[in-house]
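Participant: Supplied in structure tokens, the structure appears directly below.
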Amino acid sequence: MASSSSFSTYTLHGVTVAPKAMKCYKEFMCNYMNIFMKKSVQSKSTSVFTDLTHSRLIPSEKSFKLEQTMRLSPRGIQCHAFEVENTPSFLVGNKFQLDDVIEAQQFNRDIPNAIFEVAHEMEMVEKNSPRSQILKGYLMATLFYEPSTRTRLSFESAMKWLGGEVLTTENAREFSSAAKGEMLEDTIRTVEGYSDIIVMRHSESGAARRAAATAGIPIINAGDGPGQHPTQALLDIHTIEREIGKLDGIKVGLVGDLANGRTVRSLAYLLSKYQDVKIYFASPDVVQMKDDIKEYLTSKGVEWEQSANPMEVASECDVVYQTRIQRERFGERIDLYEEARGKYIVDEDVLGVMQKHAVAMHPLQGLMR
Amino acid sequence: MASSSSFSTYTLHGVTVAPKAMKCYKEFMCNYMNIFMKKSVQSKSTSVFTDLTHSRLIPSEKSFKLEQTMRLSPRGIQCHAFEVENTPSFLVGNKFQLDDVIEAQQFNRDIPNAIFEVAHEMEMVEKNSPRSQILKGYLMATLFYEPSTRTRLSFESAMKWLGGEVLTTENAREFSSAAKGEMLEDTIRTVEGYSDIIVMRHSESGAARRAAATAGIPIINAGDGPGQHPTQALLDIHTIEREIGKLDGIKVGLVGDLANGRTVRSLAYLLSKYQDVKIYFASPDVVQMKDDIKEYLTSKGVEWEQSANPMEVASECDVVYQTRIQRERFGERIDLYEEARGKYIVDEDVLGVMQKHAVAMHPLQGLMR
Amino acid sequence: MASSSSFSTYTLHGVTVAPKAMKCYKEFMCNYMNIFMKKSVQSKSTSVFTDLTHSRLIPSEKSFKLEQTMRLSPRGIQCHAFEVENTPSFLVGNKFQLDDVIEAQQFNRDIPNAIFEVAHEMEMVEKNSPRSQILKGYLMATLFYEPSTRTRLSFESAMKWLGGEVLTTENAREFSSAAKGEMLEDTIRTVEGYSDIIVMRHSESGAARRAAATAGIPIINAGDGPGQHPTQALLDIHTIEREIGKLDGIKVGLVGDLANGRTVRSLAYLLSKYQDVKIYFASPDVVQMKDDIKEYLTSKGVEWEQSANPMEVASECDVVYQTRIQRERFGERIDLYEEARGKYIVDEDVLGVMQKHAVAMHPLQGLMR
């Protein structure tokens, strides 16, 4: 049976520091878990929230803004204690792993699974059901310094499907004081006063990490220049598992511009968490995968191979993952660009040599000239 | 008395294909009708939803995404059966006419009337009344490849007044992967996964039709290049009827740039649905109304006349409808542009010769140089 | 005890003209007051709404759009009468002072205090509490002809925290028919049909006043070119009082570009409402504070001083208020620009000479070159 200890009282009176993600994400998880757990067999007495509560007592790297929390939830987080069979996998020991989502290597292999489980439950939410209001009262700011309609709308859609609200900026670089010499950190300090979570796209590698170091609320990196795009990698992993049926033991060919594609960088990091994965890099010489990723894979014992032959890679792999080849990366050498477009783009010939069960994944860009 | 047959059960178990507009629009109509019908005399036993249900069994041109419907409404559409006196006029036989709103010629003369009737009911909705939540849970994406503050905000305002939510993009062409060579069709495939309906403005004629051919959700054309602007034409017809008191037998003068004005094209198509309408075209030579419209009107038996004298037209008509004259259409011939501005713009002189009951309609643009 | 007279009935039947702010703001105040007053001692029988009601009978400068009001609130404003000890300070006699917020000089010293009191109450609103829905059903349009992420999101965040909805435009000048020669007045006439209140940023001084002269709904000036930025000044006054503990008797140094900084103009107007304030102007010669402000201050008996020495000003003042120095204001004279940047920017040296209790206020811009 569920214990009667009161989680909310405990957090209200006893806590002065906490991982910042708690503020928004935890309340979401409380609501979510309350619903989800009703369907589960509840047999053991390990409380997920005992662990969560403990983690709140571990000093965060960042000082926690108690004042702001009080504004958001003056009565503490409204959870009821209950018991679950196992500690959820997004908790490692008593540490909460999702303060910010900055880069793919921050995840162990359990975190994506835990996220996909929540995602699957959320997909089942019915329009106008009580669960469709699970994020009611929460505000997400989408701070896009580079425009990206598809990525921005995907976050905003998710928020609104679950009852949350959005503050949106379509092109913050051009349309803001960034043009007037305002530092990213100062913008973040301002916008965190307006919202519960910030989803951010930026043109500079490392921008998301800088934002996270400043913010007292969670930051989700929706792409930072040539750096990373961890949520895209999560989605790609999810798609691969759904299409191929497994992640351990798969062979993945990354084809195209691997030097400037942040999604392939994040994907390579994430694939390294699985067993017996083999990665093939097939790219024009001028835009090869950078050494930091290759060294990381080697250090993690992940097999990888640089190939000059995309057709051969395609015939070997379970997944052929295309990135866009951009003309501007080739400078004056239009001839090299044209050659790359001819050779490193997944077309009918490439599809023709792929195995029957294999899949091609494409960003839907670069199809028109 | 209302019959007790359960519409929702029927749709849940029996249907695999349906016109796409059903998903969003029909549920709206269900809610709307439930309210509206309470005020009506209910004497005959023709059920509107019998017809609607039949139409769902007619295979759509597009394969219906059952999976997506299930997500949106896993329990089927929540309607209660009831009886109404007449089949609503937006149903022609058992076909539903508003899957997409792409061009004015898709309407018969009954559809605008049915739409205006709903619009009139919606105008009466009180703030914070139950009916102000009639679109709660629905998401509309406004995908504007060309910016247009007034048009975009009008759709968004309507959605929000009725409790719906909006995903917005102010300038999708500049701010999206369209700049990276992404095909419209692929963007539509992505955005339809986020939303229940897409309102779209595009710079190319025919873009709305291409989007509608791809999408499994309804597309509303809010202007596609020099093509059409059917919702503006609906609104114009509504305004004319309200101001003049009738549509049959009216005389309408279209004045200005008729070659590049999509609203005059849509309006001409729509006016052709009414009896004894006469249309005058008064424009500079270089921007005359195109032949396709003239031929369409002739084929429908609508009287029209090309006039070189806007003053004469103004003195004849019930409605003088101005379109903006754009300098860039005249190329090097600034002299012709200046002449056109002098002659084909509705000013005090034109207003002076108009009949007392007549009205001028103006886009509010081109007033400043 | 509370009287039983029905305010709502009175307004429904008796009123045909009213200050425009009533429509949105008053209903908010009704809701707010109902909550607030429950906590207050209610001893005298002066009804705030008696006064408000009277003011509704005073003909407004602008003709009131009854039709639109009916749409927004067909049953009249839903207030219950009650008694309060004193007439709220935002009422002067029986005149309502906040139809529009256009310029700082429209306020007396009581209005900011009344606004801060409401603001303080709103800051205490708990997520998902009934009071977090106090603006439910209301639509605010943010019409930004110049982009400003921080300012726009601050208004939108406030609206959404209190349950209201937003129609947003990030860059109306570039993305609208303003580029097609549409007059501001016509845009305002259109957008006021979509929303309950308009927050506007524009590049031209006086634009907000023009909008307010046109609109039947309240206009809030969120900055009009080099004109004013009254809500920023309100916030600045609020910050000064919170940090210094008083407003009467303070010494404020305005440092930087004072010719083009609208915030310093609004702040100077607002400071003139307080007793024994002294203002120092420290700026490069080419961007000195304009004479209209100096003359206004003199006419109101406010002491001010032009200083060539920012260090001396800093050592004298309670508040050192920095405005951004913009390169483009110096034309060809890059040497003067560099000199100004060296001398008129609050840096560690300036902070070093400031008194212990004094504070520096900075727009967070111009820190990067």
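The values are calculated or read from the model by the stated rules, or taken from the named source; none is laboratory data. All of these numbers come straight from a predicted model, not from anything done at the bench. Here the Cβ positions follow ideal geometry from the backbone for every residue, glycine too, while neighbour counts run over all protein chains shown. Just the protein is used for accessible areas: all its heavy atoms, side chains included, with ligands, DNA and RNA removed. Shrake-Rupley method; radii C 1.70, N 1.55, O 1.52, S 1.80 Å.
Participant: If I take the rotation axis that carries chain A onto chain B, which residue of chain A has the nearest beta-carbon, and at how many angstrom?
Facilitator: Residue of A nearest the axis onto B, distance in Å: A:Glu170, 3.
Participant: Defining the label point at 7 Å along Cα→Cβ, can you sort the distances from C:Glu332 to the same site in each other copy, shortest first, in nm?
Facilitator: So the distances to the same position in the other copies read 3.6, 3.6 nm.
Participant: Stretch C:Phe116-C:Asp347 to full length: gain in nm at 0.36 nm per residue minus the Cα-Cα span?
Facilitator: 80.1 nm
Participant: Moving on to the next point. Run the numbers on the range B:227-322 and let me know its relative contact order in percent, using alpha-carbon pairs under 8 Å that are six or more apart.
Facilitator: 34
Participant: Using R₀ = 25 Å, calculate the FRET efficiency as 1/(1 + (r/R₀)^6) where r is the Cβ-Cβ separation of C:Ser203 and C:Lys290; round to 0.05. Could you put the intermediate results ahead of the total?
Facilitator: Details: r = 18 Å, r/R0 = 0.71.
Step by step, r from the Cβ atoms, then E = 0.90.
Participant: Sequence neighbours fewer than 8 away in the same chain don't count; with that in mind, list the aspartates and glutamates whose C-alpha is under 12 Å from B:Lys278.
Facilitator: In chain and number order, the partners are B:Asp248, B:Glu303, B:Glu305, B:Glu316, B:Asp318.
Participant: Shielding by partners for B:182-191, please: the mean number of other protein chain Cβ atoms within 10 Å of each residue's Cβ. Display every interim value, and only then the final one.
Facilitator: Numbers: counts 9, 4, 1, 2, 7, 4, 0, 1, 6, 5.
Counting other chains' Cβ atoms within 10 Å and averaging over B:182-191 gives 4.
Participant: Output wanted: per-residue J couplings in Hz (rounded whole) for the range B:348-359, from phi through Karplus 6.51 cos²θ - 1.76 cosθ + 1.60, θ = phi - 60°, x for Gly and Pro.
Facilitator: Listing the rounded values in order: 4, 4, 5, 4, x, 8, 5, 5, 4, 7, 6, 10 Hz.
Participant: Also, I was wondering about something else. Using each residue's phi in the range B:113-121, evaluate 6.51 cos²θ - 1.76 cosθ + 1.60 at θ = phi - 60° and report the 3J(HN,Hα) Karplus result to the nearest Hz, with x for Gly and Pro.
Facilitator: So the J values, rounded to whole Hz, are 4, 5, 5, 5, 4, 4, 4, 4, 4.
Participant: Give me the compactness ratio for the range A:247-369, meaning the Cα radius of gyration over 2.2 N^0.38 Å.
Facilitator: 1.01
Participant: How high is the relative contact order of the range A:218-279, given as a whole-number percent (alpha carbon pairs under 8 Å, six or more residues apart)?
Facilitator: 41
Participant: Could you give the accessible area per residue of the range C:186-283, probe 1.4 Å, as a whole number in Å²?
Facilitator: About 26 Å² of surface per residue is accessible.
Participant: Can you give the average number of partner chain beta-carbon atoms within 10 Å of each beta-carbon in peptide A:143-151, as a whole number?
Facilitator: Other-chain Cβ atoms within 10 Å of each residue's Cβ, averaged: 5.
Participant: Distances in nm, one decimal, shortest first, from B:Asp347 to the same residue in every other copy, taking the label point 7 angstrom along Cα→Cβ.
Facilitator: 5.9, 5.9
Participant: Hey, could you pull the Cα Rg and Dmax for the range B:185-256, both in Å?
Facilitator: My reading of the Cα-based Rg and Dmax gives 15.7, 46 Å.
Participant: Another one. Distance check, please: which entries in A:Lys160/A:Lys246; A:Lys127/B:Lys160; B:Lys294/B:Lys356; A:Lys136/B:Lys160; B:Lys160/C:Lys160; C:Lys273/C:Lys343 exceed 21 angstrom between their Cα atoms?
Facilitator: Over 21 Å Cα-Cα: A:Lys160/A:Lys246; B:Lys294/B:Lys356; C:Lys273/C:Lys343.
Participant: While we're here: Set Lys and Arg Cβ to +1 and Asp and Glu Cβ to -1, take the dipole of the range B:205-337 about its Cα centre, and tell me which of B:Val313, B:Tyr280, B:Gly227 lies farthest positive.
Facilitator: Going by the charge dipole, the pick is B:Gly227.
Participant: With a 1.4 Å probe and all protein chains in place, put B:Ser283, B:Ser299 in order of accessible area, largest first. Don't jump to the answer; show the numbers that get you there.
Facilitator: Numbers: B:Ser283 5, B:Ser299 85 Å².
Output order, biggest surface exposure first: B:Ser299, B:Ser283.
Participant: Order the peptides A:222-229, B:123-130 from the highest to the lowest mean number of other Cβ atoms within 10 Å of their residues. Can you show the working numbers first?
Facilitator: Values: A:222-229: 22.9, B:123-130: 14.1.
Final packing ranking: A:222-229, B:123-130.
Participant: Next question. Using only the alpha-carbon atoms of the range C:176-329 as identical scatterers, what base-10 log of I(q)/I(0) does the Debye formula give at q = 0.12, 0.18 Å⁻¹?
Facilitator: Relative scattering, expressed as log10 I(q)/I(0), comes to -0.58, -1.04.
Participant: To the nearest 0.05, how large is the calculated FRET efficiency for A:Glu339 and A:Lys300 if R₀ is 35 Å and r is the Cβ-Cβ distance? Could the numbers behind the result be given before it?
Facilitator: Working: r = 33 Å, r/R0 = 0.95.
The pair A:Glu339/A:Lys300 has a calculated efficiency of 0.60.
Participant: Let me ask something additional. How shielded is A:125-137 by partner chains, expressed as the average number of their Cβ atoms within 10 Å of its Cβ atoms?
Facilitator: Taking the mean over all residues of the peptide, I get 4.
Participant: So the label point sits 7 Å from Cα along the Cα-to-Cβ vector; using that for A:Glu117, what distances do you get to the other copies, in nanometres, sorted shortest first?
Facilitator: Copy-to-copy label distances at A:Glu117, shortest first: 5.3, 5.3 nm.
Participant: Right, next: Summed for both chains, how many Å² of accessible area, to the nearest 100, are buried between C and A with a 1.4 Å probe?
Facilitator: In total, chains C and A hide about 2700 Å² from solvent.
Participant: Report, in debye and to the nearest 20, how large the dipole of the range C:281-324 comes out about its Cα centre when Lys and Arg carry +1 and Asp and Glu carry -1 on their Cβ.
Facilitator: 200
Participant: What FRET efficiency, computed as 1/(1 + (r/R0)^6) with R0 = 51 Å and r the Cβ-Cβ distance, is obtained for C:Glu332 and B:Gln275, rounded to the nearest 0.05?
Facilitator: 0.15
Participant: On the protein heavy atoms, probe 1.4 angstrom, tell me the percent of accessible surface of the range A:215-369 carried by carbon and sulfur.
Facilitator: 47
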